[in-house]
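Down below is the structure, laid out as structure tokens.
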Amino acid sequence: MLMKPKARWTEFQLEGCSSYYLSYLDDIAFEWINQAIWGLETMKPFCVKGFLEPYRFLCTVSYWNFHIIVENEKTVPIPKEDIHYQIAHINMIEFCQNLYEDILNAFNEWVYFTDIVDDNYNAEEKSQLLSEKLDKLKALILEKEHCFKEQKYFLLR
């Protein structure tokens with residue numbers, strides 16, 4: 001889903017959908033994990049985003065599907081023909097599990113993904129925080145996976 005970052009860019013792709021190259025302008029590991037944690041805690045759909053430079057990558061992680069919208073960054077109304085939309089059949093728990101594995105498998109690269117020109121940047125602190133967030137996400141995945149059984153309706157128990 002998320003490829004190992006290279007030169008502060010990562011490739012995102014789901015089966016049956018286009019490939020998207022997301023830049024370091026969004027701290028994807030932290031922002032997406034925070035959203036996933038919120039979604040699993042509340043059991044509500046959530047949104048993740050990225051920057052394609054110059055386009056925006058917006059995704060809604062729903063209970064049973066993943067909706068991708070790519071739009072330009074203009075501040076005026078966007079004509080329908082300028083909006084790119086795709087849908088992937090991946091449920092919320094599968095998305096969260098993939099996110100967990102992708103970030104865990106390239107942990108150090110995600111710690112250094114964003115622009116680190118900030119004088120207050122501390123890789124050790126950021127590494128510790130990312131590890132804690134991954135632990136929390138994994139615990140929520142294990143706690144909530146029973147809600148996403150094969151039935152065609154959503155279970156909230």
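The values are calculated or read from the model by the stated rules, or taken from the named source; none is laboratory data. These numbers were taken from a predicted model, which means no experiment stands behind them. Cβ: placed from backbone, ideal geometry, glycine included. Neighbour counts: every protein chain shown. The area values use the complete protein model at the heavy-atom level, side chains included, leaving out ligands, DNA and RNA. Shrake-Rupley method; radii C 1.70, N 1.55, O 1.52, S 1.80 Å.
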Summarise the accessible area of segment 1-135 (1.4 Å probe, protein heavy atoms) by the percent that is carbon and sulfur. 50 percent
Based on the mean of other beta carbon atoms within 10 Å per residue, what is the order of 50-56, 93-99, most packed first? 93-99, 50-56
Would you work out if segment 8-157 is rounded, prolate or oblate? Take a ≥ b ≥ c from the square roots of the eigenvalues of the alpha-carbon gyration tensor; rounded if a/c is under 1.5, else prolate when a/b is larger than b/c, oblate otherwise. oblate
Mind checking the per residue accessible area of segment 1-54 for me, 1.4 Å probe, whole number of Å²? 47 Å²
Cut-off 13 Å between beta-carbons: net charge of the residues surrounding residue 48, Lys and Arg +1, Asp and Glu -1: -2
Heavy-atom accessible area with a 1.4 angstrom probe orders 67, 89, 146, most exposed first, as 89, 146, 67
In whole Hz and in residue order, list the ³J(HN,Hα) couplings for segment 75-83 that follow from phi through the Karplus curve 6.51 cos²θ - 1.76 cosθ + 1.60, θ = phi - 60°; x for Gly and Pro. 9, 9, x, 9, x, 3, 5, 9, 10
